[in-house]
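Worksheet: the structure to be examined is printed underneath.
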Amino acid sequence: MSGVDKLVSIDDAVGEVRDGMTIGIGGWGSRRKPMAMVRALLRAGRKDLTIVGYGGPDVGLLVAAGCVRRVVTGFVSLDSIPLEPHFRAARSAGTVELTEYDEGMLYWGLLAAANRLPFLPIRAGLGSDVMRVNPGLTTIRSPYADATELVAMPAITLDVAFLHLNRADATGNGRYLGPDPYFDDLFCLAAKKRFLSCEQVVGTDDLHTGGPPQGLLVNRSMVDGVTETPNGAHFTSCVPDYGRDEAFQKEYATTGWETFRARYLDGDENDYQKAVRR
């Protein structure tokens, strides 16, 4: 039985976001981020968002544009450039709030939300400043003979999640072709609404034969909308389709925000793609 066609436009997907929502963004640092979706969210001018993710330029762009109230993350990095410049500037100025977890704790919070649990116990965070900077975190003692004390990591529930994969079909099944899933499936499972952008929409048969079974990261029950966005992860990497655009990333990191925004972001996604191909 064929699934329901879930093809949507970028603007339709971003139209589900309201001011004050908690938004999960897949990918990792400056790798396979749904940047076309992020640029559309920036253009939509949403405010007071909480952004959850293993942060990169997605966080930097939205922070610089004034869309973000809080970031929930384990790091915000451009990988080859260790510190995301706009996020760093905002934190230095105190204009954006931060909930900083261990990377494993963030994963565990998404996993708890995905399984509809209020929390999951984890060792990560014990004996570290994570507990000091997050005074709302508490510990729980194992009810079994070991009586181990563990962090009770709360579920991180998302209003909307955005992710980017290499291939998808029109019904919401998606495949990654690179080396890592980056927990993108958990972002979907932790969210109330889930939108998948991809380099190419293909037929379901082609999707199934396009790689090993474990590359089929998300299925149609986990996705509410699909949009085809060629080069949609730029300037982050989306291997093997393309690597990170290091020259453009350097330009992003060293150019004043207003200049960069006027040069690349004031138009729509087609304008952006034309500008980066120059």
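The values are calculated or read from the model by the stated rules, or taken from the named source; none is laboratory data. Everything numeric here is computed off the predicted structure, so don't read it as measured data. For neighbour counting, all protein chains shown are included, and Cβ atoms are generated from backbone atoms with ideal geometry for every residue, glycine included.
Brief remarks follow.
- Check on residue 199, of a type in the set (Asp, Glu), within 23 Å of residue 17 (Cα to Cα), surrounded by fewer than 22 Cβ atoms within 10 Å (Cβ to Cβ) and at pLDDT 95 or above: yes
- Scope region 148-182; condition surrounded by fewer than 24 Cβ atoms within 10 Å (Cβ to Cβ) and aromatic (Phe, Trp, Tyr); matching residues: 182
- Residue list for region 241-271, restricted to those being among the small types (Gly, Ala, Ser) and farther than 21 Å from residue 31 by Cβ: 256, 262, 267
Here is a yes/no grid of residues against (1) of a type in the set (D, E, K, R); (2) under 19 Å from residue 187 (Cα atoms); (3) crowded, with 24+ Cβ neighbours inside 10 Å:
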| residue | (1), (2), (3) |
| --- | --- |
| 20 | no, yes, no |
| 35 | no, yes, yes |
| 42 | no, no, no |
| 52 | no, yes, yes |
| 55 | no, yes, yes |
| 67 | no, no, no |
| 78 | no, no, yes |
| 85 | no, no, no |
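- Residue identified as in contact with a Lys or Arg (Cβ under 9 Å, 6 or more places away or on another chain) and either of a type in the set (Asp, Glu) or within 18 Å of residue 23 (Cβ to Cβ) (or both) among 98, 106, 110: 98
- The listed residue being in contact (Cβ under 8 Å) with a residue 12 or more places away in the chain and over 30 Å from residue 115 (Cβ atoms), out of 242, 264: 264
- Residues of region 132-167 satisfying the condition of being of a type in the set (Gly, Ala, Ser) and free of Cβ contacts under 8 Å to residues at least 60 places away in the same chain: 136, 142, 145, 147, 152, 155
- The conditions of being of a type in the set (Lys, Arg) and either in a helix (DSSP H, G or I) or at negative phi (or both) are met by residue 70.
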